[in-house]
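Right, one structure below, let's go through it.
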Amino acid sequence: MLVKTFGAAVHGIHATIVTIEVNVSRGIRFLLVGLPDNAVKESQQRIISALQVNNIEFPRHQVVINMAPADIRKEGSAYDLPLAIGILAASKTIKSDELDQYLIMGELSLDGTLQPVKGMLPIAIKAREEGFKGMIVPKQNAREAAVVNNISIYGAETIKEVLDFLNGDITIEPTIVDTRQEFMEQIGLFESDFADVRGQESVKRAIEVAAAGGHNLIMVGPPGAGKSMMAQRIPSILPPLSLHEALETTKIHSVAGKMGTNISLLAQRPFRNPHHTISDVALVGGGTFPQPGEISLAHNGVLFLDELPEFKRSVLEVLRQPLEERKICISRAKFAIEYPASFMLVASMNPCPCGYHNHPDRECVCSPGAIQKYLGRISGPLLDRIDIQIEIVPVPFDKLAGSAQPEPSSAIRERVMKARYIQENRFKETRGIYCNAQMSSKLLRQYAQPDASGSALLKNAMQRLNLSARAYDRILKVSRTIADLEGSDKVLGHHIAEAINYRNLDRDGWGG
């Protein structure tokens, strides 16, 4: 008897429906075709054990299984459940009348327990698009899949439960998630707040400008000045994710297997903080079976690179293209996968190997050559792509011990959201542009032309600091954001002056 069940293969952050055709006939062989990898081929042993433990007989006939389309590689153990259900339906152990209405995914343990699988959200989105009535998935994945409305999600714990459900012996209540309510409940929950940071008002201002325009930022200062502390608090002042952004971000984390048990939706902007020993592939994504890297996991959020010069040069250089194009394409001989990578880059570094160059109280023990070599680990093209470069000095004792209450994140966030709202209205007719950092040269000429005093300041800075054309554009983008924070329609001289002041690493002799 020939029976079809349905699963899905995930490529990038999108899913493709896989039709599993099972034919049980005379013979004693087990044949699995359709470009399965080793993990899929090993499913036979898991299925046999799971059925035996649950007192269900594996058919003693020839079993031929085809996974179509045959030109797409099937990877992982997520096909265990649909394969097992197809085999049992073809051998008439369970009813097959309604199998074509369900998309089935799940990994089997040897005792028949269902284990969670990766990529359930894009699979659920594809199942709804293809018109399936429902999905049968492991219980741990049910809430993640239930984010997608207009499709019934049935979470099961064992294969026996799935068989009884398909035979009509038991009823499984579909999992229902009120996406909007859950999203709103989590949207304002932050562990860290700028109210904990004393002093550093100029740095807080630079971070506010960066958050308001989505600009990349680097902080340079001695150990203990508060670089990491402030970077960790940046998500608390960023505008909340829209529901569309939350779904897109959740989809990437789902594909990477980074969703926790019973988590349905990521409601806060991601903050990724990879260690400086990270490899190129771990940062940008890829591998034998391509997975999203840290830059994609930071999509719609913050990628924080602490101690930037300690990262391998090759790792930093691969950031250049994603910073410009806001996506990463991973190409292989037979396929290419594209992951979104629209993130805000925040980096920190010491000014020299010992960390105390330009320190007001402590003496630097590094030679000028050692300082230049240390700074030379970061290429000019990469620094050019960082809009705001700010120097940090340690907080004096009187500010640390003072009783003045620092401004909380909520107050800063309010100003950032007002500036972002101005930008949303400005770019509502321009597809793919949501903040000032994403403006093209054409949009800069349209929206960020400075007045006469600003033009003179900018001309002088270009000549004195020997800035590149890209740095010129970055200054205009930052000055447009500063004007938006003030509610000004025009870019004025003092906006340009503040933006130029954020190009610390371009100054002649810095670090010499």
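Given Q200, Q181, which one is open to solvent by less than 60 Å² (accessible area, probe 1.4 Å) and modelled with pLDDT under 90?
Every option except Q200 fails the conditions.
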Residues being among the β-branched types (V, I, T), surrounded by fewer than 19 Cβ atoms within 10 Å (Cβ to Cβ) and under 15 Å from A90 (Cβ atoms) - total across region 1-27
1
Go through G106, G76, G119 for me and flag whichever is small (G, A, S) and under 20 Å from I172 (Cβ atoms).
G106
Pull up region 73-105, narrow it to residues that are part of a loop (DSSP other than H, G, I, E, B) and touching a Phe, Trp or Tyr at 6+ places or on another chain (Cβ under 9 Å), then point me to the one that is most open to solvent (accessible area, probe 1.4 Å).
R73
In region 456-473, how many residues are surrounded by 17 or more Cβ atoms within 10 Å (Cβ to Cβ) and over 16 Å from I496 (Cα atoms)?
0
Candidate set: region 43-64, residues that are closer than 16 Å to I94 by Cβ and open to solvent by less than 20 Å² (accessible area, probe 1.4 Å); chosen: the one modelled with the lowest pLDDT:
P59
Exclusive hit being out of contact with any strand residue (DSSP E or B) (no Cβ under 9 Å at 6 or more places or on another chain), under 22 Å from I207 (Cα atoms), open to solvent by 50 Å² or more (accessible area, probe 1.4 Å) and at pLDDT 85 or above, set S410, S453, S440
S410
Identify all residues within region 349-397 that are assigned to a loop (DSSP other than H, G, I, E, B), modelled with pLDDT under 90, open to solvent by 70 Å² or more (accessible area, probe 1.4 Å) and not aliphatic (A, V, I, L, M); write none if there are none.
N358, P360, D361, R362, E363, R377
Checking R272 against (1) within 15 Å of the chain's Cα centre (by Cα); (2) within 30 Å of Y154 (Cα to Cα), the condition it does not meet
(2)
Within region 154-183, which residues are in a helix (DSSP H, G or I), in contact (Cβ under 8 Å) with a residue 60 or more places away in the chain and among the hydrophobic types (A, V, I, L, M, F, W, C)?
I159, V162, L163, L166, F183
Sort through A437, A419 and tell me the only one that's within 25 Å of the chain's Cα centre (by Cα) and within 21 Å of R503 (Cα to Cα).
A437
Looking only at region 28-42, decide whether some residue is open to solvent by less than 50 Å² (accessible area, probe 1.4 Å), within 21 Å of I13 (Cα to Cα) and of a type in the set (D, E).
yes
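Would it be correct to say that Y339 is modelled with pLDDT of 85 or more, surrounded by 14 or more Cβ atoms within 10 Å (Cβ to Cβ), part of a loop (DSSP other than H, G, I, E, B) and aromatic (F, W, Y)? Break it down stepwise before answering.
Values: modelled with pLDDT of 85 or more: yes; surrounded by 14 or more Cβ atoms within 10 Å (Cβ to Cβ): yes; part of a loop (DSSP other than H, G, I, E, B): no; aromatic (F, W, Y): yes.
Judged against the criteria, Y339 is not a match.
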What do you reckon, is I496 over 30 Å from S192 (Cα atoms) and either surrounded by 13 or more Cβ atoms within 10 Å (Cβ to Cβ) or not hydroxyl-bearing (S, T, Y) (or both)?
yes
Select from region 289-336 the residues that are at pLDDT 90 or above, open to solvent by less than 30 Å² (accessible area, probe 1.4 Å) and farther than 21 Å from A437 by Cα and list them in ascending order.
P292, G293, L308, P309, F311, V315
Do you know which residues across region 421-436 are open to solvent by less than 10 Å² (accessible area, probe 1.4 Å) and part of a helix (DSSP H, G or I)?
Q423, N436
Where the second residue is crowded, with 16+ Cβ neighbours inside 10 Å and the first is acidic (D, E) and lies in region 463-479, which pairs have Cβ atoms under 7 Å and are six or more apart or on separate chains?
D473/L444
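The values are calculated or read from the model by the stated rules, or taken from the named source; none is laboratory data. A quick note: this is a predicted structure, and the numbers were derived from the prediction, not measured. Glycine gets a Cβ as well: all are built from the backbone with ideal geometry, and neighbour counts include every protein chain shown. Please note that ligands, DNA and RNA were not included when accessible areas were found on the heavy atoms of the full protein model with its side chains. Shrake-Rupley method; radii C 1.70, N 1.55, O 1.52, S 1.80 Å.
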